[in-house]
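Worksheet for the structure shown next.
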Amino acid sequence: VQLQASGGGLVQSGGSLRLSCVASDSTFNIYHIAWYRQDPGKQREEVARITSGGSTTYAASVKGRFTISRDNAKNAVYLQMNSLKPEDTAVYYCNTYQNKKDYWGQGTLVTVSS
């Protein structure tokens, strides 16, 4: 499984970005996909998750501001990030766990300026 993350960039506080994660596998529609983020010196934390059936969960710190969605026809999962804050600055990774193994995208940097 190969995951390709994109969409990061520099945005002002209060702005929005949409991250994309595209999978190479044609069985993508059965995957649960999660977005994680990691700030240097901190542990990687889960931000949002979407199941194969479309159920979603969010970290408390992003609930109400971020929305995760999927388009199985495009083998893609999106993370719409609104009302961004400087503390959202991190490298964002998409992830899936398949056949007892974690697969990670390469990460995309989100920088929120105050």
Per residue, how much accessible area does the chain have with a 1.4 Å probe, in Å²?
53 Å²
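Indicate, rounded to the nearest 5 percent, the antiparallel portion of the DSSP beta bridges found entirely in the chain. It would help to have the intermediate numbers written out before the result.
Numbers: 36 of 40 bridges.
Roughly 90 percent of the DSSP beta bridges within the chain come out antiparallel.
Stokes-Einstein at 37 °C, 0.692 mPa s, Kirkwood radius from Cα pairs: D for the chain in µm² s⁻¹? Can you show the working numbers first?
Values: Rh = 14.0 Å.
My calculation gives 235 µm²/s for D.
I'd like the carbon and sulfur percentage of the solvent accessible area for the chain, probe radius 1.4 Å, heavy atoms only, ligands and nucleic acids excluded. Please report the intermediate quantities before stating the final value.
Details: 2800 of 6070 Å².
The nonpolar share, carbon plus sulfur, comes to 46 percent.
Could you give the length gained on full extension between K100 and E46, defined as 0.36 nm per residue of separation minus the Cα-Cα distance, in nm? Kindly include the intermediate steps, with their values, before the conclusion.
Numbers: separation 54, 0.36 × 54 = 19.44 nm, distance 1.82 nm.
Full-extension gain reported as 17.6 nm.
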Measuring from centroid to centroid over Cα atoms, what is the spacing of region 49-66 and region 71-97 in Å?
10 Å
In straight Cα distance, which aspartates and glutamates are under 19 Å from K100, not counting same-chain residues fewer than 8 positions off?
D25, E46
Phi to ³J(HN,Hα) by Karplus 6.51 cos²θ - 1.76 cosθ + 1.60 over region 43-57, Hz, x for Gly, Pro:
6, 5, 10, 7, 9, 7, 9, 9, 7, 4, x, x, 6, 10, 9
Under 21 Å between alpha carbons, and skipping anything fewer than 8 positions from K42 in its own chain: which lysines qualify?
K63, K85
Ordering Y103, Y31 by how much accessible area each has at a 1.4 Å probe, largest first, what is the list?
Y103, Y31
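The values are calculated or read from the model by the stated rules, or taken from the named source; none is laboratory data. Worth saying up front: this structure is predicted, and the values here are computed from it rather than measured. Protein only, heavy atoms only, side chains kept; ligands, DNA and RNA dropped before computing areas. Shrake-Rupley method; radii C 1.70, N 1.55, O 1.52, S 1.80 Å.
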